[in-house]
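Below is one structure, written out as structure tokens; comments come after it.
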Ligand SMILES: [Fe+2]
């Protein structure tokens with residue numbers, strides 16, 4: 001699957017990225033520049049307990065702004081979290097949202113920003129480009145290095161009735177500003193650092209190899225892979241290492257830029273089916289299935305996998321060897337940072353067929369580099385069970 005330089009593409013990055021150690025301390029200046037007066041902070045209870053909201057709250061208080069905290073976002077944000085958050089935003093008359101947290105609060109805030117001004121249920125906006133008109137401006141402050149949600153156009157929400165994850169996607173959903181501060185990620189525990197980091201790696205690899213990949217996104221993906229391969233272990237085992245945290249945060253943003261201009265692939269299709277059914281951590285699901293998906297996709301991705309191997313500092317002579325070594329390196333990296341095996345996730349074999357069908361129906365499935373039907377997904381799930 002060589003890159004065709006004559007293919008057309010478009011590229012936009014609606015988010016202004018402010019990056020730097022301590023940049024979260026400039027929130028008040030950013031709000032003033034935007035003319036914001038009434039702020040809803042969208043976060044979760046874990047962030048509240050971590051102490052990361054202290055400096056945010058102090059700035060809002062100091063600015064004499066009207067503000068409230070909505071901390072009811074669940075991991076794998078639910079449709080009713082969006083409904084409740086939109087209600088709070090409207091009651092406050094919020095003219096700006098500030099999302100602080102990992103992918104869950106950030107995605108929930110994006111959905112609130114879209115639903116609050118126009119009403120209805122978030123499911124009404126499922127899919128691509130279903131949002132017209134304004135959304136509430138959003139400032140994103142990520143506290144994990146994984147989803148890249150601070151720069152992406154999409155939000156993944158769980159339909160709690162059907163136990164199904166769906167995406168709403170539109171460039172208008174991209175945060176207006178991302179305050180990207182490595183210091184905000186140093187308190188992340190090792191397991192969360194590992195799972196969110198593997199999510200970022202999955203974004204980069206799937207974004208790079210998706211059927212709709214494009215050169216500017218490819219460039220971002222390859223640098224993301226380089227940074228993540230270099231810094232993930234260090235960030236997991238030396239949490240206070242600011243350089244490693246910075247490397248991972250930049251890697252996750254670059255991966256976010258890559259996949260939001262391209263797409264994800266089969267690993268995310270399975271991860272979202274598993275996450276919707278069992279409420280499992282998204283990054284763990286990705287890490288567990290990514291090597292098997294890469295193995296399946298290998299015949300269609302030899303050149304690109306060899307480039308991935310190079311980005312991971314792997315030396316090889318033949319292209320075929322490089323491609324295979326990339327798959328092995330990803331598997332080893334997941335094991336090195338102690339991500340669990342598939343068997344430990346508690347996935348019931350009786351659910352495999354339904355999970356395979358959901359995976360095949362995922363909007364990103366057509367962009368997986370190798371065609372995959374429900375039967376292929378079923379085989380892959382069975383293989384994962386046998387492998388442990
Ligand atoms: Fe993801």
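Every read-out reported here was derived from the displayed coordinates using simple, explicitly stated rules and does not represent laboratory data. None of the values given here were measured: they were computed from a predicted structure. Backbone-built Cβ (ideal geometry, glycine too); neighbour counts: all protein chains shown.
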Degrees, to the nearest 10: 103-118 long Cα axis against longest axis of the chain: 60 degrees
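Quick one: order 44, 134 by neighbouring beta-carbon count within 10 Å, fewest to most. All intermediate terms of the calculation are to be shown ahead of the outcome.
Details: 44 23, 134 11.
Ordered from fewest to most neighbouring Cβ atoms within 10 Å, 44, 134 come out as 134, 44.
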Hey, could you get me the Stokes-Einstein D for region 1-76, Kirkwood radius over alpha-carbon pairs, 37 °C and 0.692 mPa s, rounded to whole µm² s⁻¹? 213 µm²/s
So how far, in whole Å, is the C-alpha centre of region 324-338 from the one of region 74-123? 36 Å
Sorted largest first, extent of the chain alpha carbons per principal axis (Å): 62, 45, 43
How far is helix 352-361 tilted, in degrees, relative to the longest principal axis of the Cα atoms in the chain, given as a value from 0 to 90 rounded to the nearest 10? 70 degrees
The distance between the Cα centres of region 164-223 and region 247-273, in whole Å, is 4 Å
On Cα atoms only, tilt of 319-336 relative to the major axis of the chain in degrees: 50 degrees
If neighbour count is taken as other Cβ atoms inside 10 Å, put 135, 21, 264 in order from fewest to most. 21, 135, 264
Globularity ratio of region 16-185, using Cα Rg and 2.2 N^0.38 Å: 0.93
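If eta is 0.692 mPa s and T is 37 °C, what Stokes-Einstein diffusion coefficient results for region 265-388, Kirkwood Rh from Cα pairs, in µm²/s? List each step's numbers first, then the result.
On the way: Rh = 14.7 Å.
Estimated via Stokes-Einstein, D reaches 223 µm²/s.
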Expected sort for 45, 230, 358 with the fewest Cβ neighbours (10 Å cutoff) up front is 45, 230, 358
